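The structure appears below as structure tokens.
The values are calculated or read from the model by the stated rules, or taken from the named source; none is laboratory data. These figures come from a predicted structure and were not determined experimentally. Cβ coordinates were reconstructed from backbone atoms using ideal geometry, including for glycine residues, and neighbour counts include every protein chain displayed.
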Amino acid sequence: MSALRRLRQCQATGIAVCRLHRSSSASAKHHYKMLVLGGGSGGITMSARMKRMMGAENVAVVEPSEMHYYQPIWTLVGAGAKTVASSGRSTASVVPSGVKWVKSKVQEINPDANTVRTDDGTEISYEYLIVALGLQLHYEKIKGLPEGFEHPKIGSNYSVQTVEKTWKALQDFKEGNAVFTFPNTPVKCAGAPQKIMYLTDAYLRKTGKRAKANLIYNTSLPVLFGVKKYADSLWDIVKQRDLQVNLRHNLIEVRADKQEAVFENLDKPGETKVFEFFFISMKCFMSLHQWDPIWRLKAVHWQIRRVGWMSTKTTSNIIAAQSAILSRTIRKILKNEKPDKKYDGYTSCPLVTSYNTVILAEFDYNNQPLETFPINQAKERRLMYYMKADALPHLYWHGLLKGLWGGPGPYRKLFHLGMK
Ligand code: UQ1
């Protein structure tokens, strides 16, 4: 960086930054062949793959958080079946060794200059950029939040600060409504809000409190689940277990002091309905990160030419499938060859339906089932529960994050050999 530019930057960002710059040696490296934004599942997975492709010294990952969490297990944390501590590891331990961890927040992407500015004013230039910033949580979009979280009966399994409140509220349950919500925004895992309802039902039955409880699932979607095959099974479960489902109900306000939640009817604008609750578990409103390619880079007409991008879905099974394709694409681009493979939209969702059963939903972009195992996966199965609770976390930490797991595609083909 030129002295003049650094001076300007110091003027713009203050003395602390100047000092920081001076103390970092003049030879501090601020250029990487591959720069990865975000140290979540996508960012760490791609860092590992890029390290293997081009050497650790050529890769840097920008991530401000000290901790990295395996979020799929939070459903079970909310139901008391796993601890939150078991879900986290330090970011330092998951950044591949030798890869530079830039512990800052992205402040600006400048695709014309192939540079990124972080919140401490550092400018990093790159040859190739991977944006894997994931989704941001927006509890503040609901009136009465986040301050409502001071109340013990308001929980949400999607943030490390609030996930344990769900389990506490479940244990303290006496009588009344337990309300579960699904927001009107893109979300990471569309199955999650109903998983915690099934676990709540199982817990209340186990503890003899179910008769005093109404379990209510208010979802903004027009369906219980987007893939008919699994939705049919879920409707059967909902009926058998006496769970109330209200479609097109979107949470707009939580009145913590009165233990009331206000929902709007998405089919009848302006019409609202108030639900009293003893306990409410909310799926958070989410949005793409402000620097996600879909928001920002589209706005600059895809001026970044050499860019790899992950899609807007961000759960780890999707990242597994995408990371393999993205690596392949990058390898082709590096060799000046044409990318030859596209991500097929593979998504999976282990739908936890009790403390020892799971329906393993797997499907493609068109919401058609795309199942790995040669059995009917729409059935509740114990084996799938143990896969979800015990096997998949290992696959995540030791396979996916090391860049070694590209999803179950090859196994699916193997298991279905000769079946078509
Ligand atoms: C998967 O690969 C994955 O990522 C590690 C998950 O995230 C937690 C999953 O939930 C699932 C179901 C898969 C797919 C794996 C198999 C064996 C079907």
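Figure legend. Inter-residue proximity from the stretch 377-402: first residues over 13 Å from residue 82 (Cβ atoms) and among the polar types (S, T, N, Q), second residues within 11 Å of the ligand (Cβ to nearest atom) and in a loop (DSSP other than H, G, I, E, B), beta-carbon distance below 6 Å, spacing 6+ or different chains. Indicated pairs: 377/371.
The set of residues in the stretch 381-412 being in a loop (DSSP other than H, G, I, E, B), in contact with a helix residue (DSSP H, G or I) (Cβ under 6 Å, 6 or more places away or on another chain) and either among the charged types (D, E, K, R) or near the ligand (Cβ under 7 Å from one of its atoms) (or both) consists of 402, 405, 407. Selection over the stretch 253-279 of residues that are in a strand (DSSP E or B), at pLDDT 95 or above and hydrophobic (A, V, I, L, M, F, W, C) gives a count of 6.
Each row is one residue, and each column tells you yes or no for (1) free of Cβ contacts under 8 Å to residues at least 24 places away in the same chain; (2) within 15 Å of the ligand (Cβ to nearest atom); (3) over 26 Å from residue 80 (Cα atoms).
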site	(1), (2), (3)
348	no, yes, no
361	no, yes, no
368	no, no, yes
371	no, yes, yes
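As a summary of the residue check, residue 49 satisfies the conditions (1) modelled with pLDDT of 90 or more; (2) among the charged types (D, E, K, R); (3) surrounded by fewer than 24 Cβ atoms within 10 Å (Cβ to Cβ) except for the one numbered (3).
Against the conditions (1) away from the ligand (no atom under 16 Å from the Cβ); (2) buried (at least 18 other Cβ atoms within 10 Å of the Cβ); (3) modelled with pLDDT of 85 or more, residue 286 satisfies every one except (3). Screening 351, 392, 417, 370 for residues that are surrounded by 14 or more Cβ atoms within 10 Å (Cβ to Cβ) and more than 20 Å from residue 234 (Cα to Cα) leaves exactly one candidate, 392.
One residue alone among 333, 319, 375 is outside any strand (DSSP E or B), within 19 Å of the chain's Cα centre (by Cα) and among the β-branched types (Val, Ile, Thr), and that residue is 319. Taking the criterion of being away from the ligand (no atom under 16 Å from the Cβ), surrounded by 19 or more Cβ atoms within 10 Å (Cβ to Cβ) and under 28 Å from residue 98 (Cβ atoms), the residues of the stretch 56-86 that qualify are 58, 59, 60, 61, 62, 63. Filter the stretch 334-343 for residues that are surrounded by 14 or more Cβ atoms within 10 Å (Cβ to Cβ) and without any contact (Cβ under 8 Å) to a residue 60 or more places away in the chain; which is nearest to the ligand (Cβ to nearest atom)? Taking the candidates together, the pick is 343.
Within 13 Å of the ligand (Cβ to nearest atom) and at pLDDT below 90: does that describe residue 315? Answer is yes for this residue. For the stretch 115-128, the condition holds for no residue, the condition being that it is closer than 23 Å to residue 186 by Cα and in a loop (DSSP other than H, G, I, E, B).
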